[in-house]
1. Using θ = phi - 60° and the Karplus form 6.51 cos²θ - 1.76 cosθ + 1.60, what ³J(HN,Hα) does each residue of region 14-21 get, whole Hz, x for Gly and Pro?
2. Who wins for biggest fluctuation among ILE53, ILE16, ILE77 in a Gaussian network model of the chain, springs between alpha carbons below 10 Å?
3. For n ≥ 4 DSSP H runs only, could you compute -39500 (n - 2.57) per run for the chain, divide by its residues and tell me the 222 nm figure to the nearest 500?
4. Hey, which lysines would be in cross-link range of LYS17, C-alpha to C-alpha under 27 Å, not counting anything within fewer than 8 residues on its own chain?
5. Top mean-square fluctuation among ARG54, ARG67, ARG37, Gaussian network model of the chain, C-alpha springs under 10 Å?
6. Show me the GluC sites (Glu not before Pro) within region 1-63 that DSSP assigns to loop and that have at most 13 other Cβ atoms within 10 Å of their Cβ.
7. Which semi-axis lengths, in whole Å and largest first, follow from the square roots of five times the eigenvalues of the Cα gyration tensor of the chain?
8. Could you check the simple spin-label distance between GLU30 and ARG49, using points 7 Å along Cα→Cβ, in nm with one decimal?
Amino acid sequence: MEKLSVTLPDEMVHLIKSKVASGAFASTSEVLREAMRTWIRGEEEHEERLKAIRAKVQESLNDPRPRVPADEAFARIRQAIAAKRSGE
């Protein structure tokens, strides 16, 4: 384990101290360790989402079906919307 020294804005310090004072955490170190764990989990989830998006993009690029020009794709979308509206 390594001890680090950090400088935090007053708002963060007050929040950390209020968490300790409320009894939610035993010490400021405990608050910061939990904050780091939460941040790391969020980073891992973010990376997983990016990985899934990249896989879908690659799957789309590898799709053997013929490409549809943008104007034709938008025309199809407009037709689908119009059909849905007329059926409502």
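1. Each residue's phi maps through the Karplus curve to give 4, 4, 4, 5, 5, 5, 5, 4 Hz.
2. ILE77
3. Only helices count here, giving -25500 deg cm²/dmol.
4. Reachable lysines: LYS3.
5. Among ARG54, ARG67, ARG37, the largest GNM mean-square fluctuation belongs to ARG67.
6. Numbers: sites: GLU2, GLU11, GLU30, GLU34, GLU43, GLU44, GLU45, GLU47, GLU48, GLU59; in loops: GLU2.
Qualifying residues, ordered by number: GLU2.
7. 52, 20, 11
8. For the pair GLU30/ARG49, the computed spacing is 3.1 nm.
The values are calculated or read from the model by the stated rules, or taken from the named source; none is laboratory data. Keep in mind it's a predicted model, so treat the numbers as computed, not measured. In this analysis, Cβ positions are derived from the backbone assuming ideal geometry, glycine residues included, and neighbour counts consider all displayed protein chains. What goes into the accessible areas is simple: the full protein's heavy atoms, side chains included, and nothing from ligands, DNA or RNA. Shrake-Rupley method; radii C 1.70, N 1.55, O 1.52, S 1.80 Å.
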